[in-house]
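I have placed the structure first, in the form of structure tokens, so that the comments after it can refer back to it.
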Protein chains: 2
Amino acid sequence: MSDLREAFARHISSEFNEELEGLCSDLLKMGGLAERQVRLAIECQEHFDSALLDQIKAAENSVNAWEIRIDELVESTIALRQPAATDLRLILVVSKIVRDLERAGDEANKVAEMAQHASEADRTSALGSVEVKAIGEQVLRLLGDSLTAFARLDVDMALDVARRDKEVDRTYQSALRSLATFMIEDPREIGHVLNVMWVLRALERIGDHATNIAEHVIYLVKGTDVRHTSVGNIEASLKSVSDFN
Amino acid sequence: MSDLREAFARHISSEFNEELEGLCSDLLKMGGLAERQVRLAIECQEHFDSALLDQIKAAENSVNAWEIRIDELVESTIALRQPAATDLRLILVVSKIVRDLERAGDEANKVAEMAQHASEADRTSALGSVEVKAIGEQVLRLLGDSLTAFARLDVDMALDVARRDKEVDRTYQSALRSLATFMIEDPREIGHVLNVMWVLRALERIGDHATNIAEHVIYLVKGTDVRHTSVGNIEASLKSVSDFN
């Protein structure tokens with residue numbers, strides 16, 4: 001199947017088609033909200049504003065409501081339609097992606113709350129802001145791309161997400177090291193630096209969730225479970241699958 | 001239903017009974033391995049030993065293999081048996097718990113790896129060891145109890161896990177504050193204290209996963225979605241459910 005719309009066209013029951021399309025479009029709506037949470041959280045880090053925090057909390061409530069609603073749809077669709085093979089796999093994958101989206105939103109919340117604490121404690125320094133902005137924008141793109149990879153069932157794009165997340169991990173590790181050095185050189189900044197470290201940690205986890213989503217897409221399309229495999233191994237095994245075909 | 005065995009006794013098809021029992025017992029085996037990972041990781045923190053690390057890696061490989069196997073079983077059981085109502089919910093909950101177990105094991109791995117780094121950097125100080133031991137033992141019990149709550153379908157026990165996890169969060173927050181103060185007082189210890197903080201963070205997340213598992217158990221038994229509700233609200237809504245019955 002080359003994308004979701006084409007995949008649905010296979011069904012004889014147009015009602016079932018619509019249900020599956022509805023489920024996927026709900027998931028993408030939820031994804032859009034989680035992306036919004038992340039985007040606003042990064043803005044909070046650049047310039048804290050309590051109105052932004054309110055918007056994030058509102059998006060969080062919607063994301064949580066979507067999680068419950070989509071899980072209910074997953075349950076009722078399986079019970080009523082008794083899907084098999086690819087349809088069942090699609091539905092189960094949706095229920096897994098929901099969880100990662102909700103978690104990514106949670107991490108965005110933490111990022112925003114840490115901006116609030118820093119602002120209240122009057123600890124707004126430029127220290128670490130370059131790293132936060134760089135890693136924040138990277139993981140926001142990863143999250144968006146993982147959702148696009150789902151919408152298009154695009155394995156190459158999904159692989160690219162997993163690959164780029166490795167880079168984010170490296171950037172994150174090197175930022176942590178330089179922040180630790182900075183702490184030792186100027187212990188007065190310890191409180192602030194710790195805050196930056198927690199923010200980076202939360203952002204890095206958003207990248208992990210994007211990678212999980214990408215892995216679900218690969219599994220959905222290729223049927224290869226890639227959750228405990230390195231990116232290199234995934235590419236090699238996908239290559240051997242297509243060589244075989 | 002009062003426990004899993006009784007729940008299975010309802011089925012006419014004894015083969016389906018056995019499949020569901022097998023699925024749950026596989027999940028509990030996987031849970032036992034994840035617990036083992038956590039227990040060994042805490043031991044690593046007390047006294048690092050590369051043989052312990054090897055055992056943790058071996059347990060991790062088994063946990064990962066179980067995750068894939070159980071997810072396959074979930075898919076094939078749904079496809080073949082077309083379960084409805086409680087059976088379907090049980091199967092979907094198993095697939096969610098699997099994910100939390102795997103994540104808890106991942107966090108345990110991080111704890112062990114941080115013990116290895118500390119040992120290699122010869123940064124083994126007693127600082128923070130009381131907090132690590134206390135929080136470590138608390139979350140290990142939470143994880144075990146969340147699995148017991150699943151095996152017995154025991155809502156009270158599940159509620160107790162969620163309640164105790166709140167205490168763990170408070171202990172964790174206060175430990176972080178005192179460690180930050182310590183850093184400021186003695187900047188030479190910054191590297192070591194950061195290590196302790198990451199360890200506590202990973203342990204605290206294991207508690208979160210145990211709470212997720214407990215929430216799945218409550219949902220399974222009561223049909224109330226408790227994922228975005230505070231412990232107090234859950235208890236109140238469960239009370240009103242039983243008042244109604």
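Quick one: is A:Leu4 crowded, with 17+ Cβ neighbours inside 10 Å and at pLDDT 85 or above? Here the answer is no, as A:Leu4 does not meet what is asked.
Just a yes or no: is a residue in region A:106-118 more than 24 Å from the chain's Cα centre (by Cα) and more than 11 Å from chain B (Cβ to nearest Cβ)? Yes, there is a match, as at least one residue in region A:106-118 is more than 24 Å from the chain's Cα centre (by Cα) and more than 11 Å from chain B (Cβ to nearest Cβ).
Residue-by-condition table, conditions (1) surrounded by 21 or more Cβ atoms within 10 Å (Cβ to Cβ); (2) basic (Lys, Arg); (3) over 23 Å from A:Ile91 (Cβ atoms):
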| position | (1), (2), (3) |
| --- | --- |
| B:Glu15 | no, no, yes |
| B:Arg39 | no, yes, yes |
| B:Glu43 | no, no, yes |
| B:Leu53 | no, no, yes |
| B:Ile56 | yes, no, yes |
| B:Glu75 | no, no, no |
| B:Ile78 | yes, no, no |
| B:Ile97 | yes, no, no |
| B:Ala108 | yes, no, yes |
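Flag set for A:Thr181, criterion: of a type in the set (Val, Ile, Thr), surrounded by fewer than 16 Cβ atoms within 10 Å (Cβ to Cβ) and either within 14 Å of another protein chain (Cβ to nearest Cβ) or in contact with a strand residue (DSSP E or B) (Cβ under 7 Å, 6 or more places away or on another chain) (or both).
Just need a number here: residues in region B:209-236 that are part of a loop (DSSP other than H, G, I, E, B), within 20 Å of the chain's Cα centre (by Cα) and not β-branched (Val, Ile, Thr). Step through it out loud before you land on a result.
At the first step, the residues of region B:209-236 found to be part of a loop (DSSP other than H, G, I, E, B) are B:223-230.
If we keep only those that are within 20 Å of the chain's Cα centre (by Cα) too, we end up with B:225-230.
Subset that is not β-branched (Val, Ile, Thr): B:225, B:227-228, B:230.
So the answer is 4.
Look at region A:81-101: where a residue is within 14 Å of A:Ile218 (Cβ to Cβ) and facing another protein chain (nearest Cβ under 7 Å) and a partner is among the small types (Gly, Ala, Ser) and surrounded by fewer than 20 Cβ atoms within 10 Å (Cβ to Cβ), sitting 6+ places away or on another chain with Cβ atoms under 8 Å, you get A:Arg89/A:Gly223.
When region A:185-204 is examined, which residues are found to be in contact (Cβ under 8 Å) with a residue 40 or more places away in the chain and either closer than 30 Å to A:Lys239 by Cβ or not in a helix (DSSP H, G or I) (or both)? Correct list: A:Glu204 only.
Looking for whichever is more than 14 Å from every other protein chain (Cβ to nearest Cβ), surrounded by fewer than 20 Cβ atoms within 10 Å (Cβ to Cβ) and in contact (Cβ under 8 Å) with a residue 60 or more places away in the chain here; the options are A:Lys239, A:Lys166. Which one fits?
Values: A:Lys239 fails: in contact (Cβ under 8 Å) with a residue 60 or more places away in the chain.
One residue alone meets the criteria, A:Lys166.
The set of residues from region A:79-92 being among the aliphatic types (A, V, I, L, M) and either under 25 Å from the mean Cα position of the chain (by Cα) or in a helix (DSSP H, G or I) (or both) comprises A:Ala79, A:Leu80, A:Ala85, A:Leu88, A:Leu90, A:Ile91, A:Leu92.
With respect to B:Ala151, determine if the residue is in contact (Cβ under 8 Å) with a residue 12 or more places away in the chain and part of a helix (DSSP H, G or I). Step through it out loud before you land on a result.
Working: in contact (Cβ under 8 Å) with a residue 12 or more places away in the chain: yes; part of a helix (DSSP H, G or I): yes.
Against the criterion (in contact (Cβ under 8 Å) with a residue 12 or more places away in the chain and part of a helix (DSSP H, G or I)), B:Ala151 qualifies.
Evaluate the following for A:Ala112: is it under 24 Å from A:Ala210 (Cβ atoms), out of contact with any strand residue (DSSP E or B) (no Cβ under 9 Å at 6 or more places or on another chain), buried (at least 18 other Cβ atoms within 10 Å of the Cβ) and not acidic (Asp, Glu)? Walk me through how you get there before you give the answer.
Details: under 24 Å from A:Ala210 (Cβ atoms): yes; out of contact with any strand residue (DSSP E or B) (no Cβ under 9 Å at 6 or more places or on another chain): yes; buried (at least 18 other Cβ atoms within 10 Å of the Cβ): yes; not acidic (Asp, Glu): yes.
Spelling it out, A:Ala112 is indeed under 24 Å from A:Ala210 (Cβ atoms), out of contact with any strand residue (DSSP E or B) (no Cβ under 9 Å at 6 or more places or on another chain), buried (at least 18 other Cβ atoms within 10 Å of the Cβ) and not acidic (Asp, Glu).
Can you name every residue in region B:45-57 that is more than 14 Å from chain A (Cβ to nearest Cβ) and part of a helix (DSSP H, G or I)? Correct list: B:Gln45, B:Glu46, B:Ser50, B:Ala51, B:Leu52, B:Leu53, B:Asp54, B:Gln55, B:Ile56.
From A:Glu137, A:Glu204, A:Glu215, A:Glu167, which residue is at pLDDT 90 or above and touching a Phe, Trp or Tyr at 6+ places or on another chain (Cβ under 6 Å)?
Values: A:Glu137 fails: touching a Phe, Trp or Tyr at 6+ places or on another chain (Cβ under 6 Å); A:Glu215 fails: touching a Phe, Trp or Tyr at 6+ places or on another chain (Cβ under 6 Å); A:Glu167 fails: touching a Phe, Trp or Tyr at 6+ places or on another chain (Cβ under 6 Å).
Going through A:Glu137, A:Glu204, A:Glu215, A:Glu167 in turn, the sole match is A:Glu204.
Output the residue which, of all residues in region B:71-80 that are touching a residue at least 12 places away in the same chain (Cβ under 8 Å) and not β-branched (Val, Ile, Thr), is farthest from the other protein chains (Cβ to nearest Cβ). Among those that are touching a residue at least 12 places away in the same chain (Cβ under 8 Å) and not β-branched (Val, Ile, Thr), it is B:Leu73.
Scan region B:191-198 and give yes if some residue there is over 27 Å from B:Ala34 (Cα atoms), at the interface with chain A (Cβ under 10 Å from one of its Cβ atoms) and either modelled with pLDDT under 95 or surrounded by fewer than 24 Cβ atoms within 10 Å (Cβ to Cβ) (or both), otherwise no. So far as region B:191-198 goes, yes, one or more of its residues are over 27 Å from B:Ala34 (Cα atoms), at the interface with chain A (Cβ under 10 Å from one of its Cβ atoms) and either modelled with pLDDT under 95 or surrounded by fewer than 24 Cβ atoms within 10 Å (Cβ to Cβ) (or both). Might you let me know whether region A:136-148 holds any residue that is within 14 Å of another protein chain (Cβ to nearest Cβ) and either among the basic types (Lys, Arg) or in a helix (DSSP H, G or I) (or both)? No, region A:136-148 contains no residue that is within 14 Å of another protein chain (Cβ to nearest Cβ) and either among the basic types (Lys, Arg) or in a helix (DSSP H, G or I) (or both). Residue-level check: of (1) of a type outside the set (D, E, K, R); (2) under 17 Å from the mean Cα position of the chain (by Cα); (3) more than 22 Å from B:Ala149 (Cβ to Cβ), B:Ser76 misses just (2). Using the structure shown, decide if A:Ala34 is surrounded by 19 or more Cβ atoms within 10 Å (Cβ to Cβ), among the small types (Gly, Ala, Ser) and either in contact with a helix residue (DSSP H, G or I) (Cβ under 7 Å, 6 or more places away or on another chain) or within 11 Å of another protein chain (Cβ to nearest Cβ) (or both). For A:Ala34, the condition - surrounded by 19 or more Cβ atoms within 10 Å (Cβ to Cβ), among the small types (Gly, Ala, Ser) and either in contact with a helix residue (DSSP H, G or I) (Cβ under 7 Å, 6 or more places away or on another chain) or within 11 Å of another protein chain (Cβ to nearest Cβ) (or both) - is met. Of the residues screened, B:Ala175 is not one that is farther than 30 Å from A:Arg69 by Cβ, under 14 Å from the mean Cα position of the chain (by Cα), within 14 Å of chain A (Cβ to nearest Cβ) and buried (at least 18 other Cβ atoms within 10 Å of the Cβ).
The values are calculated or read from the model by the stated rules, or taken from the named source; none is laboratory data. This structure is a prediction, so every number in the text was calculated from the model and none was measured. Here Cβ is always computed from backbone atoms with ideal geometry, including for glycine, and neighbour counts include all displayed protein chains.
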